[in-house]
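Asks: Handing you this structure, nothing more for now.
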């Protein structure tokens, strides 16, 4: 009876342990495959090709394991008060692990017959005495539990291995897709960078070229007059030369900007720069019926900056203001002002055009964002890049009485690295 209780305790412990293993297996498979049914071990081609041969081999494993357990148990019988039957449990578990569930059950049957014949009274008989019934039943139950535990554990291991293999294959596929996507994004970034550079050059060089064409037509008009006005023609040719030279300088500055070269800075007066650009755009303003006003602070100190780049910034802002007032019916006024605020010089350009909304003012400096029907959206982006290369800042806001205000601030004292 003590042996019967011992067998029962072992059976309960083994059963609870296999339940824990099965729960862990189900959790892992659920994480890998979601709510789908997890994969079952698939028989190999050799098994499906020779089923009888495989069946004989598996049951042969069970027969050899039980025979070995019987042999060693008979050898150890004299060393123990009760028959040492634990080796049969090992034979059952080995059969279930290496040969499958059917072989494990076959090992249970063989072990039951061997124990009944050699170790349960009456000996050398397949009958069971009344006093040994509980002992024999406990052994049979433990043997079945051992077979079930071994085959379930083996099935779980194979299912987990298959799940791991599929998960590794899926991770490899996703990794390859991610690497391909990263390569495509890098290529797209290069294309966009080249497109932005080309658009920047086209935008900035169009203004000097337009001025050259305009002055060329004017020169032709002066020369075709009767008599020809040679003095005016000479002045116009000088302007053509200046615009052509300015176009070359603009290209040089853009190339330096994209090569991250420091700007060619010098001390300059922003009021003089504003007067220069006002004179440059005077004829265009007259043609568009726009009044250019200035509000310049006479005490504005000089700043260290690149003359050509600041000229381009101011020219862009003024031309954008004129374009914004093209469809307006009321008074068209463009105001350029300057002032000093603490350690900065602030320049503002105000127009009475259509203005900006709250969403547009946040995106107006983004590359390729434009509010113009035929714009390309790089002018203000370039302007901000130029101002930031001078350690300054640029922003836009709504004009209270209608229109927009664009401002940029430059530091009065240069950094030590600027010289």
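Asks: Can you give the Rg to Rh ratio for segment 266-418, taking only C-alpha atoms and Rh from Kirkwood? Provide the component values of the computation, followed by the final result.
Replies: Working: Rg = 15.0 Å, Rh = 15.8 Å.
Using only Cα positions, Rg/Rh for segment 266-418 is 0.95.
Asks: Quick check: pseudo-label points 7 Å beyond the Cα along Cα→Cβ at residue 74 and residue 333, how many nm apart are they?
Replies: The modelled label-to-label distance comes out at 12.1 nm.
Asks: On to the next question. Which FRET efficiency value, to the nearest 0.05, do you get for residue 157 and residue 363 by plugging their Cβ-Cβ distance into 1/(1 + (r/R0)^6) with R0 = 60 Å?
Replies: Values: r = 58 Å, r/R0 = 0.97.
Between residue 157 and residue 363 the formula returns 0.55.
Asks: Enter the Cα centre distance for the pair segment 163-181 and segment 380-402, rounded to the nearest angstrom.
Replies: 47 Å
Asks: How far is the Cα center of segment 282-351 from the Cα center of segment 117-136, in Å?
Replies: A separation of 113 Å, based on Cα centres.
Asks: For residue 286 and residue 165 in the same chain, what is the full-extension length gain: residue separation times 0.36 nm, less their Cα-Cα distance, in nm?
Replies: Numbers: separation 121, 0.36 × 121 = 43.56 nm, distance 7.73 nm.
Working it through step by step, the gained length comes to 35.8 nm.
Asks: How far apart, in nm, are two points set 7 Å out from the Cα along the Cα-to-Cβ line at residue 209 and at residue 225?
Replies: Taking the simple label geometry, residue 209 and residue 225 are separated by 3.0 nm.
Asks: Given the Cα-Cα distance of residue 245 and residue 55 and 0.36 nm per residue of separation, how much length would full extension add, in nm? Let's see the in-between values first.
Replies: Working: separation 190, 0.36 × 190 = 68.40 nm, distance 9.47 nm.
Full extension of this stretch gives 58.9 nm more.
Asks: What is the distance, in nm, between label points placed 7 Å from the Cα along the Cα-to-Cβ direction at residue 401 and at residue 295?
Replies: Those two pseudo-labels are separated by 0.9 nm.
Asks: Where does each of 364, 336, 64 land when they are ranked from fewest to most other beta-carbon atoms within 10 angstrom?
Replies: Working: 364 20, 336 24, 64 14.
By the 10 Å Cβ count, ascending, the order reads 64, 364, 336.
Asks: Now, a different point. Would you kindly state how much longer the chain becomes between residue 118 and residue 64 on full extension, computed as 0.36 nm times their sequence separation minus their alpha carbon distance, in nm to one decimal? Walk me through the intermediate numbers first.
Replies: Working: separation 54, 0.36 × 54 = 19.44 nm, distance 1.74 nm.
Here the segment from residue 118 to residue 64 would lengthen by 17.7 nm.
Asks: Can I ask one more? For 302, 180, 332, what's the fewest-to-most ordering of other Cβ within 10 Å of each Cβ?
Replies: On the way: 302 14, 180 10, 332 21.
With the sparsest Cβ surroundings first, the list reads 180, 302, 332.
Asks: Next question, about the same structure. For each of 171, 347, count neighbouring Cβ atoms within 10 Å of the residue's Cβ, then give the residues from fewest to most.
Replies: Values: 171 10, 347 27.
Going from least to most buried by this count: 171, 347.
Coordinate-derived values only; no laboratory data. In this text, all values refer to a predicted model and were calculated from it rather than measured experimentally. Backbone-built Cβ (ideal geometry, glycine too); neighbour counts: all protein chains shown.
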